[in-house]
Structure formats: C-alpha cells, structure tokens
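What follows is a short report on a single structure.
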Amino acid sequence: MNEVNWLLTLFVAPLVGFIGMYSGGFWGVGCGWLIVPSMLFFFDCTPMQAAGVGLLQMVPSIVGTVCKEAPMIGWSHSSVGRNLVVPMALGAFCTSFCGRPINVFFNNLCGKTAIYLGFGAFMLIVGIQTIFGKGRQYQETPPLNFTRSSRFYAFVGGLGAGVFSSVLGVGVAMVFRPVLANVFKVSELDVARSVRLLLLTTTLVGGLNYLFNPEGFDKKILILSMAISFGGAIGFPLGARAHRIIVAAGYARRAQQCFAIICGIVATNVSLALLGKETISRYVMFGAAVFLLVFLSSWRRIAQKRVTTGEQYKN
C-alpha cells in the first residue's frame, strides 16, 4: 500500500466503520452495503477483496456486544436460541465455506449483473414484507411450540443465508432478520440479539475464505478489516444500545419497519450499479449512511426521554 492508502487506512477506514456499524448494531446487520463500495472507491480493492473486507471487519467490531448479549437470548429446551438460532448458525456455518468459489463461478459465468439483479429483487421483497408484515412487540412472549419442522426450516434457511452472505459480502442478518421477525414471530428484542450472534458465527468463516485464498494470504484484506473495525467496535455497541432504548420506549414495531430503509438503500445501490452509475452510487451510499447515523441518534434521544418520563409510545 502506498502512502496515500496508508493515510486513508488510518483516518478514513475507521470513520467508515463507525458510521456504517452504528446502523449495523441497531438492526443487528452488517454494513457491507457501505463497506464494499468504500473499498472499491477509496482503496482500489478488487470486488473479491471488497467482499472479504466487508465480512472480516465485522468480527472484531461485534464480538464484544455479542458475548454480552448471548446469554439473554435463552438456551433452554423451548427457547429461541436452541430451536432457531442454533440450526440457523449450523446451516450458515456449513455453506459459508462455499462463498468465494460460488462468487468466482457466477462472476465467470454471467458477470455481476445476474447477482446484482437477484440481490436487488430479494431486498425489494424483504423491504415490502418488513413494512406490511406483522411482527411481535416489546416483551411479547415468542411461541413455545417449536417443532422438528421449524428447526429443519431454520437449518435450511441458514444454508441459504451462508451462501448469500459469503457471495455478496453482506451479513446473514439481511436474511435472518425478516425470517425471525415475520415468519417465526420472534419479539424484536430477541430478533436483534439473535441476528447479532448469527452475524458473528458466519462472517468469520466467510471472511477467512477471502483472506486465505488459492492465490495466498491477502494482507490488504487483513489491514483494511482491522482499520475499519476500530471505528466499528465503537459504532456497533452504540447502535445496539440505541436499539434497546428505542424498543424499551415502545417503538418495537417501528424499529422492525424501519429496517426497510436498509432494504431501500441496498436496492438503490443495485439499481444505480446496473445503470452504470457506480460512482454516483458510492456517493449515495455514503450520504445514506450519514443520514442513518443522524436519524437513529436523534430517535434514540427522543426514546430516552420517553423512557425517563415513563411516557412509552403505544404500538
């Protein structure tokens, strides 16, 4: 890396990590939608390197928050943790190893257009479902009648999410969050805690596939991942704390629905890329990330006042 890249790595990368991972911590998702174009725009990374950085930087950014929240998920016989999180994590762990080969295969077969189209269509569907689907509210008890079928479907969903995450360089929460909230009807607080744990278990494997590849060890991926995680390690727990405050204030359903903002941002990014407006797309992503930081921070302050005064909003 030349001098300019080192300066960007020391100053720009942590800032990008903080801005992106604040919203990542709020919803329990990664910020590959910001990290990947940032790597292409500022650091002259290849698409493979950008995807690897997008995954690997999440591990040091989120590990502290995940370790703190993991016991709160619940791991008893009828719990969300044992019946949904574990099968999903196992499925995603298995297929995360395949991310890079599949990425190479599809890029060689049909280029990035087909992958972008599929990704954009998926995010559009998730966004619509997030807005109109009915999830559970704060402190509502999740269903306790888990069956073998539910565990099987959770495992299959994990298999697909692991490939999805590794191929595109985004977190599995893009799949797991809407599934847990709208299919299995898990409460918003448990959804966020669960997807943060799932994010950690899969991004490490997927990121290592890019770090250690057939061409050898990629030092650039490691350096950029560590630099971004300095900011991400601050932004992610702050976002998670903002989510807890907002949910406690009674805005659980609103927090679920606002995940559609992320879906819209990603769909916009894909659309601009397909139109050949990749430079414009990167500026849009940076602007959207700053908007989310300001929006969520302002919402947290409003929610904190409601919690303090006992004037919780009624969903």
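The values are calculated or read from the model by the stated rules, or taken from the named source; none is laboratory data. Please read these numbers as outputs of a predicted model, since none were measured by experiment. Cβ placement follows ideal geometry from the backbone for every residue including glycine, while neighbour counts extend to all protein chains displayed.
Some points to look at:
- Among the residues listed as Ile131, Ile221, the single one being modelled with pLDDT of 75 or more, under 28 Å from Asp44 (Cα atoms) and part of a helix (DSSP H, G or I): Ile221
- Some residue of the range 287-294 being hydrophobic (A, V, I, L, M, F, W, C) and at pLDDT below 90: no
- The set of residues in the range 239-286 being at pLDDT below 85, β-branched (Val, Ile, Thr) and closer than 15 Å to Cys31 by Cβ consists of Val266 alone.
- For Trp75: the one exception among (1) within 18 Å of Gly232 (Cβ to Cβ); (2) outside any helix (DSSP H, G or I): (1)
- Residues that are under 17 Å from Pro60 (Cβ atoms) and of a type in the set (S, T, N, Q) were ranked within the range 176-215; the one that is modelled with the lowest pLDDT is Thr202.
- Every pair of residues 6+ apart whose Cβ atoms lie under 9 Å, when the first sits in the range 18-29 and is part of a loop (DSSP other than H, G, I, E, B) while the second is of a type in the set (Ser, Thr, Tyr) and crowded, with 24+ Cβ neighbours inside 10 Å: Gly28/Ser194; Val29/Ser23
- For the range 227-257, the set of residues classified as crowded, with 20+ Cβ neighbours inside 10 Å and outside any helix (DSSP H, G or I) consists of Ala249, Tyr251, listed by residue number.
- In summary, Val294 fulfils each of the numbered conditions (1) aliphatic (A, V, I, L, M); (2) exposed (fewer than 14 other Cβ atoms within 10 Å of the Cβ); (3) over 20 Å from the mean Cα position of the chain (by Cα); (4) within 27 Å of Gln129 (Cβ to Cβ) with the single exception of condition (3).
- Subset of the range 195-218 that is of a type in the set (S, T, N, Q) and assigned to a helix (DSSP H, G or I) - its residue that is farthest from Ile102 (Cα to Cα): Thr201
- Lone qualifier among Phe11, Phe42, Phe18 - being within 18 Å of the chain's Cα centre (by Cα) and either surrounded by fewer than 22 Cβ atoms within 10 Å (Cβ to Cβ) or closer than 21 Å to Phe259 by Cβ (or both): Phe18
- Boolean, Phe230 is over 14 Å from Val29 (Cα atoms), at pLDDT below 90 and among the hydrophobic types (A, V, I, L, M, F, W, C): no
- Flag for Leu180 being among the aliphatic types (A, V, I, L, M), within 22 Å of Cys45 (Cβ to Cβ), in contact with a helix residue (DSSP H, G or I) (Cβ under 8 Å, 6 or more places away or on another chain) and part of a helix (DSSP H, G or I): no
- Test result for Gly287, over 17 Å from Phe18 (Cβ atoms) and surrounded by fewer than 20 Cβ atoms within 10 Å (Cβ to Cβ): no
- From the list Phe119, Phe106, the one residue that fits, being buried (at least 20 other Cβ atoms within 10 Å of the Cβ), at pLDDT below 75, of a type in the set (A, V, I, L, M, F, W, C) and under 27 Å from Gly264 (Cβ atoms), is Phe119.
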